[in-house]
Amino acid sequence: MKRIGILGDIGSGKTYVAKCFGFPVFIADLEVAKIYKNNKKVFLKLKKELPLYFDSFPIKKEKIIDAILSNKQNLKKIVKIVHYEVRKKMNNFLKKNKHKKFVVLDVPLLLENKINKKKDILIFVQSRKSEVLKRLKKRKNFNNKILNNFKRIQLSLVLKKKKSQFIIKNNFKNSVKVRVREIIKYLV
């Protein structure tokens, strides 16, 4: 099984690109949402670590936002607790798909949390900043301060691009699918 890691900026369309490959995809953001909704153990850890913000289950996104905005160290605490569970879910996904030729990992902190392996195929999704900002502003709960806090814990886009074997320019049109097919053809 070969692993394809999708890298890029927040809002650059990584999930869209990941799905274009047609291989099994692990979407970390989706798993995080499920954890907040269903994982009482994570809630209890967050409540213990940040009792002012986490007082009811399921965990509400607004509470996470409040915690992050009140103190930038809170984001690191939340990531540490939640990421452990995300990694377990990813390992289950990899076991389940071990006989597939390829799997795609859409994990925003893939490099930062050292989840990638040396043989992973890394693909950088590049989008125009104006397009990314337009897309982010459409999201419910968009908050520029939170965006900046997340960017602080991520590696630079320049470094992510440099570590990638392929670049996909995401103009949010069909050319992405054409580029994905070119990459698949090269890999197979």
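Could you pull out the residue among Val82, Val176, Val132 that is closer than 16 Å to Tyr16 by Cα and touching a Phe, Trp or Tyr at 6+ places or on another chain (Cβ under 9 Å)?
Details: Val82 fails: closer than 16 Å to Tyr16 by Cα; Val132 fails: touching a Phe, Trp or Tyr at 6+ places or on another chain (Cβ under 9 Å).
Residue meeting the stated conditions: Val176.
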- Message: Looking at the range 75-86, I want the residues that are under 13 Å from Ala28 (Cβ atoms) and have a partner that is open to solvent by 80 Å² or more (accessible area, probe 1.4 Å) with Cβ atoms under 6 Å, at least 6 apart or on another chain. Which pairs are those?
- Response: none
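Take Ile168 and decide whether it is open to solvent by less than 70 Å² (accessible area, probe 1.4 Å), farther than 16 Å from Leu75 by Cα and of a type outside the set (Ser, Thr, Tyr). So that I can check it myself, show each step before the final result.
Working: open to solvent by less than 70 Å² (accessible area, probe 1.4 Å): yes; farther than 16 Å from Leu75 by Cα: yes; of a type outside the set (Ser, Thr, Tyr): yes.
Answer is yes for this residue.
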- Query: For the range 51-65, what are the residues that are in contact (Cβ under 8 Å) with a residue 40 or more places away in the chain, of a type outside the set (Asp, Glu) and over 15 Å from Lys34 (Cα atoms)?
  - Reply: Ile65
- Looking at (1) touching a Phe, Trp or Tyr at 6+ places or on another chain (Cβ under 7 Å); (2) modelled with pLDDT under 95; (3) surrounded by fewer than 12 Cβ atoms within 10 Å (Cβ to Cβ), can you tell me which one Lys114 breaks? (1)
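Only one of Asn71, Asn91 is closer than 15 Å to Phe150 by Cβ, free of Cβ contacts under 8 Å to residues at least 24 places away in the same chain and surrounded by fewer than 16 Cβ atoms within 10 Å (Cβ to Cβ); which? It would help to see each step written out before you state the result.
Details: Asn91 fails: closer than 15 Å to Phe150 by Cβ.
Result: Asn71 is the single residue among Asn71, Asn91 that is closer than 15 Å to Phe150 by Cβ, free of Cβ contacts under 8 Å to residues at least 24 places away in the same chain and surrounded by fewer than 16 Cβ atoms within 10 Å (Cβ to Cβ).
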- Query: What is the number of the single condition among (1) closer than 30 Å to Asn71 by Cβ; (2) modelled with pLDDT of 85 or more; (3) open to solvent by 90 Å² or more (accessible area, probe 1.4 Å); (4) of a type in the set (D, E, K, R) that Glu85 does not meet?
  - Reply: (3)
- Note on the structure: Restricting the range 6-46 to residues that are within 14 Å of the chain's Cα centre (by Cα) and among the polar types (S, T, N, Q), the one least open to solvent (accessible area, probe 1.4 Å) turns out to be Ser12
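Which one is modelled with the highest pLDDT among residues in the range 118-139 that are open to solvent by 80 Å² or more (accessible area, probe 1.4 Å) and part of a helix (DSSP H, G or I)?
Lys129
Restricting attention to the range 98-111, and to residues there that are open to solvent by less than 30 Å² (accessible area, probe 1.4 Å) and out of contact with any Ser or Thr (no Cβ under 9 Å at 6 or more places or on another chain), which single residue is nearest to Asp66 (Cα to Cα)?
Leu109
The values are calculated or read from the model by the stated rules, or taken from the named source; none is laboratory data. Just so you know, these numbers come straight off a predicted model, no measurement behind them. Neighbour counts run over all protein chains shown; Cβ positions are idealised from the backbone, glycine included. We work out accessible area using only protein heavy atoms, side chains counted, and drop any ligands, DNA or RNA first. Shrake-Rupley method; radii C 1.70, N 1.55, O 1.52, S 1.80 Å.
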